[in-house]
Amino acid sequence: VRGILYFPFVDMREGAFALRIKGSTTARELPQEVRKMIARSFPQLNVSVIRSQESLIELQTIRERLLAKIASFFALVALGLAAMGIYGVFVLTVNQRRKEIAIRMAVGAEAWSTAGVVLRDGVWAALIGFSMVSGGAWGAGILMQSLLFGSESKDWAVIAPTVAVVVLATVAGIALPLLKALRTDPALVLRTD
């Protein structure tokens with residue numbers, strides 16, 4: 001933050017200076033009111049730039065906001081890649097167990113009991129992954145809390161959508177290939193494998 005020195009306006013003889021004005025009018029009306037007020041009281045002064053506090057803050061934080069947007073973009077890309085990876089792992093797992101599913105169905109097991117075995121294994125793997133990721137995210141949140149003023153280790157506005165995407169990827173990764181495997185004729189699967 002740039003250093004600022006305040007001294008009485010009356011002592012100003014030349015040069016440029018800045019005034020901070022708080023008004024009750026809207027942000028659009030304030031510049032015209034300030035120009036009229038200064039023109040009435042001090043006609044020799046030239047008013048060049050009038051900015052709101054919000055625009056000054058935006059100018060001072062433009063680099064930080066750009067970095068935050070870039071980091072958010074890469075976080076979304078990473079989340080998408082993680083979701084595709086989870087989906088791919090479960091598709092591979094279900095495809096590897098197609099023969100087992102076909103044998104269970106050929107012997108007479110019901111579709112939902114066969115699906116329950118595969119779903120249980122997939123859910124256990126997902127829970128282990130969630131617990132590991134949650135522990136890492138919690139630790140990273142505590143680290144960020146010590147580095148950034150005003151940040152919280154548990155920001156639910158960020159955590160909830162992330163968990164929702166991962167859960168959807170897990171459910172889609174298990175359910176879609178499992179439904180496809182359950183609809184396939186067991187004799188066809190056993191004959192091709």
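Look at residue 74 and say whether it is out of contact with any Asp or Glu (no Cβ under 9 Å at 6 or more places or on another chain) and over 30 Å from residue 185 (Cα atoms). Criteria met by residue 74.
Looking at segment 109-126, which of its residues are within 37 Å of the chain's Cα centre (by Cα) and either open to solvent by 90 Å² or more (accessible area, probe 1.4 Å) or of a type in the set (Phe, Trp, Tyr) (or both)? If the condition is that a residue be within 37 Å of the chain's Cα centre (by Cα) and either open to solvent by 90 Å² or more (accessible area, probe 1.4 Å) or of a type in the set (Phe, Trp, Tyr) (or both), then 112, 120, 124 are the ones that fit. From the list 119, 168, 79, 92, the one residue that fits, being more than 30 Å from residue 68 (Cα to Cα), in contact (Cβ under 8 Å) with a residue 40 or more places away in the chain and either aliphatic (A, V, I, L, M) or out of contact with any Leu (no Cβ under 8 Å at 6 or more places or on another chain) (or both), is 119.
Regarding residue 64, is this residue closer than 19 Å to residue 2 by Cβ, in contact (Cβ under 8 Å) with a residue 12 or more places away in the chain and either in a helix (DSSP H, G or I) or of a type outside the set (Lys, Arg) (or both)?
Here the answer is no, as residue 64 does not meet what is asked.
With respect to the stated conditions, residue 91 fails to be open to solvent by 50 Å² or more (accessible area, probe 1.4 Å) and under 35 Å from the mean Cα position of the chain (by Cα).
In the set 51, 65, 98, only one residue is among the charged types (D, E, K, R) and closer than 30 Å to residue 175 by Cα; that residue is 98. From the list 102, 106, 78, the lone residue that is assigned to a helix (DSSP H, G or I), within 24 Å of the chain's Cα centre (by Cα), at pLDDT 80 or above and surrounded by 10 or more Cβ atoms within 10 Å (Cβ to Cβ) is 78.
Kindly establish whether residue 63 is closer than 30 Å to residue 186 by Cβ, more than 15 Å from the chain's Cα centre (by Cα) and at pLDDT 80 or above. No, not satisfied.
For the subset of segment 1-57 comprising residues that are acidic (Asp, Glu) and at pLDDT 75 or above, which member is surrounded by the most Cβ atoms within 10 Å (Cβ to Cβ)? Applying the filter and picking the extreme gives 33. Within the bounds of segment 165-181, is there any residue that is open to solvent by less than 80 Å² (accessible area, probe 1.4 Å), outside any helix (DSSP H, G or I) and at negative phi? Scanning segment 165-181, I find no residue that is open to solvent by less than 80 Å² (accessible area, probe 1.4 Å), outside any helix (DSSP H, G or I) and at negative phi, so the answer is no.
The values are calculated or read from the model by the stated rules, or taken from the named source; none is laboratory data. Here the structure is a predicted model, which is why all the values come from computation and not from measurement. Quick reminder, even Gly has a Cβ in these numbers, built from the backbone with ideal geometry, and neighbours come from all protein chains shown. Quick note on the areas: whole protein, heavy atoms, side chains included, nothing else; ligands and nucleic acids left out. Shrake-Rupley method; radii C 1.70, N 1.55, O 1.52, S 1.80 Å.
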